[in-house]
Structure formats: structure tokens, C-alpha cells
1. Hey, can you tell me all the residues within region 88-132 that are in contact (Cβ under 8 Å) with a residue 12 or more places away in the chain, over 18 Å from F155 (Cα atoms) and assigned to a helix (DSSP H, G or I)?
2. Anything in region 133-153 that is farther than 20 Å from Q20 by Cβ and either in contact (Cβ under 8 Å) with a residue 24 or more places away in the chain or under 14 Å from the mean Cα position of the chain (by Cα) (or both)? List them, or say none.
3. Somewhere in region 167-188, is a residue hydrophobic (A, V, I, L, M, F, W, C), part of a loop (DSSP other than H, G, I, E, B), modelled with pLDDT of 90 or more and loosely packed, with under 10 Cβ neighbours inside 10 Å?
4. List the number of the failed condition for R137; all other conditions in (1) under 30 Å from L6 (Cα atoms); (2) touching a helix residue (DSSP H, G or I) at 6+ places or on another chain (Cβ under 9 Å) hold.
5. So which residues in region 71-87 are β-branched (V, I, T), outside any strand (DSSP E or B) and closer than 19 Å to H26 by Cα, if there are any at all?
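The values are calculated or read from the model by the stated rules, or taken from the named source; none is laboratory data. No experiment lies behind these values; they were computed from the predicted model shown. Neighbour counts run over all protein chains shown; Cβ positions are idealised from the backbone, glycine included.
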Amino acid sequence: KLQKGLKGKPLAFMELSHLQKVMAKHPDELWLGYGFGWDQRHAQRAYEILKRDKQTLLNQGHGKQMGSTWIHGVEPKEDDVYQPVGHTEGHTLIVGTTGAGKTRCFDAMITQAILRNEAVIIIDPKGDKELKDNAQRACIAAGSPERFVYFHPGFPEHSVRLNPLRNFNRGTEIASRIAALIPSETGADPFKAF
């Protein structure tokens, strides 16, 4: 059973309605995915695998493999993994190579935050359409479709409009805001020294 698990596991997908049921059962926790608690026996299994030629042990995996999928095989039974919502205050670090699932992880976390009626601001320099669509779906599922506000200068027909120069207390604030956008090599530009 363990050796069969060393080829990894296929990707799992969860419908929004199922995630809402999970959240109802665990209102003070953030669902992170499927996994298991790592203890001494898992470390021993990993050590034994790493001592050997992994290619003789590992079968062909499920589709496109990334990383060390055999790690999922050191425990045949994976369960839901949760984090107390209070532990998300501050910083959360998600690491992985390109295509490993970082955005999908954030997708699940963002969806849950929206469904908890938390304020969510997403700054996505890559412009992942699925992330945007899922955030919008979560707002609709939460009963507040108007909470979804999208800003993208490249798609003005779908974007809200922002005027960063509209509100100010002193006239010099407008010049300061514009000057901050102008690159300077020496820092002695006459425009910036107004």
C-alpha cells in the first residue's frame, strides 16, 4: 500500500458548495488542503526512500509531476488540514516552483476569507483570470456580489476607475504624487524640488 502511494496522488478539486460545508463545520479554522501530521515514522520512511535509488521504487505518476510527489506516499491516509484562523494574522508564507499550486492555495484561502465576510485585497501582478473569477464567485456565494471590485488599467470596460489626484488637502500634494512617479538618477531634478 505504501509503495503504491509513492507515485503521488491525482489533483483534487473542490466545489465551492463543498468548501462552504467544510467551513460550516469548522468556523474558526482555515481549510488548507489534504495532508497528514508528520511524525517519526514518516521521517523514517522518507529516510529509507532517500537512501535507495528512488527510480526503482517509484511508479509512473499521475499526469504532470512537480516536486517530490513520493512524499504523499509516506502516509497512505490523508485528511483535511486546518489552521486556526487566528494564526493567519500577520504573515503566511506559501512557497513552490512555477506551476506547483501557490495561486490555487491562495485561491482557497481568499475564497474562505470572503465567505467569512473579511475584507480582501488581491494584488496579482500576473493577472490570474481563474483567481479573479473565483473571488467574484465567492462574493456572489456570500450574498454580496457588489463587494467584488476589479481594477485593471488594461481592461477599462471591466475595471473600476480610480483618480488618485481627486482628493487632497494642499495643492502641493498633487505635484508630490506626480513627482513620485518620475524616475530620477541623481535625485536633484528641478521638478521634484518644487
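1. T88, T103, C105, F106, D107, A108, M109, I110, T111, Q112, I114, L115
2. Here is the first cut: in region 133-153, the residues farther than 20 Å from Q20 by Cβ are 149-153.
The answer is H152, and nothing else.
3. Step one: list which residues in region 167-188 are hydrophobic (A, V, I, L, M, F, W, C), which gives 168, 174-175, 178-182, 188.
Among the residues that remain, those that are also part of a loop (DSSP other than H, G, I, E, B) are: 168, 180-182, 188.
Okay, now just the ones that are also modelled with pLDDT of 90 or more, so none.
Scanning region 167-188 turns up no residue that is hydrophobic (A, V, I, L, M, F, W, C), part of a loop (DSSP other than H, G, I, E, B), modelled with pLDDT of 90 or more and loosely packed, with under 10 Cβ neighbours inside 10 Å.
4. Checking R137 against (1) under 30 Å from L6 (Cα atoms); (2) touching a helix residue (DSSP H, G or I) at 6+ places or on another chain (Cβ under 9 Å), the one that fails is (1).
5. V85
One line per residue, one yes/no per condition, for (1) modelled with pLDDT under 95; (2) crowded, with 16+ Cβ neighbours inside 10 Å:
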site: T103; (1), (2): yes, yes
site: Q112; (1), (2): no, yes
site: R116; (1), (2): no, no
site: D124; (1), (2): yes, no
site: G127; (1), (2): yes, no
site: D133; (1), (2): no, no
site: R137; (1), (2): no, no
site: E146; (1), (2): no, no
site: F151; (1), (2): yes, no
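The rows are residues; the columns are (1) out of contact with any helix residue (DSSP H, G or I) (no Cβ under 7 Å at 6 or more places or on another chain); (2) hydroxyl-bearing (S, T, Y); (3) modelled with pLDDT of 85 or more.
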| residue | (1), (2), (3) |
| --- | --- |
| A12 | yes, no, no |
| V22 | yes, no, yes |
| H42 | no, no, yes |
| K51 | yes, no, yes |
| K54 | no, no, no |
| S68 | yes, yes, no |
| H72 | no, no, no |
| K77 | yes, no, yes |
| G86 | yes, no, yes |
